[in-house]
1. Can you compute the FRET efficiency between Asp196 and Glu148 using 1/(1 + (r/R0)^6), with r the Cβ-Cβ distance and R0 = 30 Å? Round to the nearest 0.05.
2. Just to be sure I understand: if I project the alpha-carbon convex hull of the stretch 1-110 onto a plane and average over all orientations, what area do I get in nm²?
3. Step through the residues of the stretch 18-33 one at a time and calculate ³J(HN,Hα) from phi using the Karplus curve (6.51 cos²θ - 1.76 cosθ + 1.60, θ = phi - 60°), rounding each to whole Hz and writing x for Gly and Pro.
4. Can you spot the lysines whose alpha carbon is less than 26 Å from Lys191's alpha carbon? Ignore those fewer than 8 places along the same chain.
5. In Å, the Kirkwood hydrodynamic radius of the chain over pairs of distinct alpha carbons?
6. In terms of Cα to Cα distance under 19 Å, which lysines are near enough to Lys28, apart from those fewer than 8 places away along the same chain?
7. Who wins for biggest fluctuation among Pro160, Pro116, Pro41 in a Gaussian network model of the chain, springs between alpha carbons below 10 Å?
8. Can you give the extra length, in nm with one decimal, that the chain gains between Thr55 and Cys125 once fully stretched, where that is 0.36 nm per residue apart less the Cα-Cα distance?
Amino acid sequence: MSDHRTPLYRRLRNVDMWLQDNKVTNLKLATAKLNGLVLKPEETFSIWRLVGKPTKARGFAEGMVLSNGSFVPGVGGGLCQLSNLIYWMTLQTPLQVTERWRHTHDVFPDTNRTQPFGSGATVVCNYIDLQIKNETQYSYQLQIKVGETDLEGEWRCEQPLPQKYEVYESDHLITQEWWGGYMRHNVIRRKAFDLDNNQIGDDFVTENHAIMMYEPMLAGGTEV
């Protein structure tokens with residue numbers, strides 16, 4: 001009922017490929033703990049409660065960790081791709097996100113972007129989690145795996161949903177800061193439609209403020 005996929009490898013400047021290889025290893029270990037999860041009514045899903053602490057003893061490797069605007073090695077690095085995917089899929093369902101933390105940096109330019117800036121969720125073990133509560137009367141199942149080229153996921157429900165959703169951004173703004181860099185801001189909203197495609201809702205989801213890790217491409221005369 002809600003599926004999505006994201007590429008396992010990206011072309012990143014000044015990032016060694018072995019970090020991305022290790023990220024894939026970490027994703028395989030984490031998805032093995034989550035795949036097939038059934039979220040029953042009134043239950044809450046927590047990434048860290050299910051995945052557990054990513055340690056070398058459990059097989060996790062040094063993957064990509066974003067720290068102060070740079071990619072550095074860290075055990076269990078790369079699991080934010082997992083939380084990003086689950087968060088985005090959840091926004092397409094009636095499930096309620098009860099804990100989500102935004103990324104502090106905007107890492108990638110908009111080239112080939114398939115979803116709005118700021119529609120992900122960062123996680124840090126023991127500090128920052130992604131939690132989702134099922135406040136509906138139906139059970140949901142999470143299907144998630146590492147494919148040949150993509151991280152693939154899907155939320156399934158035991159009953160067809162009476163509505164569908166469209167997630168979009170508004171109030172997008174880029175500002176130049178006193179320290180010389182740029183920040184990007186937006187609001188994430190979600191429209192709801194019934195099965196006849198009549199709009200039945202338009203709700204605020206979250207807002208984002210992130211330091212840009214690349215130079216914005218501004219049209220002539222654009223104010224920042």
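Bear in mind these aren't lab numbers, they're just calculated from the coordinates by the rules spelled out. Note that this is a predicted model, so its numbers are computed, not measured. Cβ: placed from backbone, ideal geometry, glycine included. Neighbour counts: every protein chain shown.
1. Working: r = 38 Å, r/R0 = 1.27.
Efficiency at R0 = 30 Å is approximately 0.20.
2. Values: hull surface 31.0 nm².
Result: a mean projected hull area of 7.8 nm².
3. 5, 5, 6, 4, 5, 4, 4, 4, 5, 5, 5, 5, 6, 5, 5, 7
4. Those lysines meeting the cut-off are Lys40, Lys133, Lys164.
5. Details: mean 1/r = 0.0537 Å⁻¹.
In the chain this quantity evaluates to 18.6 Å.
6. Lys53, Lys56, Lys145
7. Pro160
8. So the chain would gain 24.2 nm between Thr55 and Cys125.
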